[in-house]
1. Could you give me the ³J(HN,Hα) list for segment 72-78, computed from phi with Karplus coefficients 6.51, -1.76, 1.60 and θ = phi - 60°, whole Hz, x at Gly and Pro?
2. Hey, which of these cross-link pairs are over 30 Å Cα-Cα: LYS142/LYS351; LYS296/LYS426; LYS142/LYS296; LYS110/LYS279; LYS110/LYS426; LYS110/LYS296?
3. Hey, rough spin-label estimate for ARG284 and LEU143, points 7 angstrom out along Cα→Cβ, what's it come to in nanometres?
4. Round to the nearest 0.05 the FRET efficiency obtained for VAL23 and GLN398 when R0 = 41 Å and r is the Cβ-Cβ distance.
5. Just to be sure I understand the model, the point goes 7 Å from the Cα along the line to the Cβ. What's the resulting ALA119 to LEU86 distance in nm?
6. Taking the Cβ of GLY337 as the centre, find all other residues whose Cβ is under 11 Å away and add up their charges (Lys, Arg: +1; Asp, Glu: -1).
7. Calculated FRET efficiency, HIS108 and ALA211, Cβ-Cβ r, R0 25 Å, to nearest 0.05?
8. Can you pull the one-decimal nm distance between simple spin-label points at VAL419 and SER330, each 7 Å off the Cα toward Cβ?
Amino acid sequence: MRFTPFLRVEHQGSFVTVVVRGVEACNVRLGISALAVDPVGFCICGIADLQEGSVPVGQEASVGVAGVSSFLAIGQEGQEYLGHSLFDPQVLLESQELWDYSYSWDRHTKEATEANLLARTGAVAMDYFYLMDLPPDLNSEKLSEISTDLEYSNLNERALCRMVVGACEVNITSGFYHRLEAVGHSLAQHDYPPYASPHDREPPGPLAAPAEEEVASLEANTPTRCYLLTLMEPVGVLHSAQHAPVDMRNVLSAKRRKKNRKACGDLCMARVLPVPRVKVKLSRLDLEWTRPMYPKRLVSAACTLRPPSPAMLHNCHAHVTVTAHNVCVSLHYQGTGITLVHGFSPSLYYKSPAASPLLGLPSPAQGGVLHGLGVEVSAPQLQLLVGVWMSWSEEHPQPQLLHQDSLVEDALSTRRVPVVALRVQKAEAKTCDTPSCAAAWLPSGPDGRAATASGGAPVPPSVRPRGQARPRG
């Protein structure tokens, strides 16, 4: 059996720590110090995706090429991941007391910060913490009875999963896309039984009115799960496409290129010319997802109340918030670059019912906020941006056409007059879609409030019944 590699994934310094304290607490930590994804040999389509002079003629395709930009690079190698573990001999020698496994929610959230997690492993770090507040007078028999059905135990439960990714750069090239496409195609061809079968959604039966103690307990302590994902200083680089789309079924079913004839013909054109690229850089990207642990019980109790409290209604939904800080978009060619979109901070929000919509909860709603957007683009820059984007949809990309005129040089010039200039201090929009009507809200006043009509009354949000045509004129 012969194997021709085309992608290499390397990581250094990883650890996994699991601590379980009965049914009261659970803490899972893992991390990776350095992670890199590099190309090996030719692309899966048979074209050499290397620049001129980066590989000697006659070099074997199965050998990794030095000097070629990694597809993905995060973190750096080190020994910090061994700290505060049983594999660190210095810690064991200096420790004079037994390790304390008593957990506190406030203390843990203060210690497990993004900075502390990345200080141990600079590439990827994850911390999962679950805590149940047990009353002091709870005996073992009562605890054994409660643990069989935690949904109706009325105990305060909280869970927080925090994942942090260090400063990284992703180079999106034709070779990277084809390699990922080949991996995805191979995974899809693997036949295995599903991990879980989907549950049939049956209409809910009659709901029993909850007791006052149950409602008070749900309003005071709603068990929730929170997932936090943070990317520190991520950079994405989109290169102009160089390879034509391929059918992975034909490529992977053929005999794996002992000596690819097609690559010999396309080798020169693919490796001679560098291509322009669009770089998107952020100082930070945050994603937060919060949902109730036991949505069925919570939603059933909320539907029987007329009306439910705002806190309970809020907890009946899953909430997703995505915030990007200081987003910058620039255009680069070789060692020259120019900024097109200056730092701005968009934020998106989405909420949806955590249980079946048949229970009558409000339908999903979404909104977005934009701060400090500034764009200045000249005609050559706009033309080059469109060319880079459209190259990915072309059947036969021709990057050499970019070098037949002065388009690239003009796009990177700072003396060009912008044809598109946009300044936005703040913009906000909200939408809500229900089975009976759809609503949209867009403030247009200078201070972010809704615009007012000539009579001084606020203009209501745009609401139209479902199925009714929009007014004309």
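1. Once rounded to whole Hz, the list reads 8, 9, 9, x, 8, 5, x.
2. Values: LYS142/LYS351 37 Å; LYS296/LYS426 38 Å; LYS142/LYS296 24 Å; LYS110/LYS279 35 Å; LYS110/LYS426 32 Å; LYS110/LYS296 32 Å.
Distance filter (> 30 Å) returns LYS142/LYS351; LYS296/LYS426; LYS110/LYS279; LYS110/LYS426; LYS110/LYS296.
3. 3.8 nm
4. Numbers: r = 64 Å, r/R0 = 1.56.
My answer for the efficiency is 0.05.
5. 2.5 nm
6. Residues close to GLY337 contribute a combined charge of +3.
7. 0.15
8. So the label points at VAL419 and SER330 sit 2.5 nm apart.
Rule-based calculations on the coordinates, nothing more; no lab input. In this text the structure is predicted, and so the values were computed from the model without any measurement. In this analysis, Cβ positions are derived from the backbone assuming ideal geometry, glycine residues included, and neighbour counts consider all displayed protein chains.
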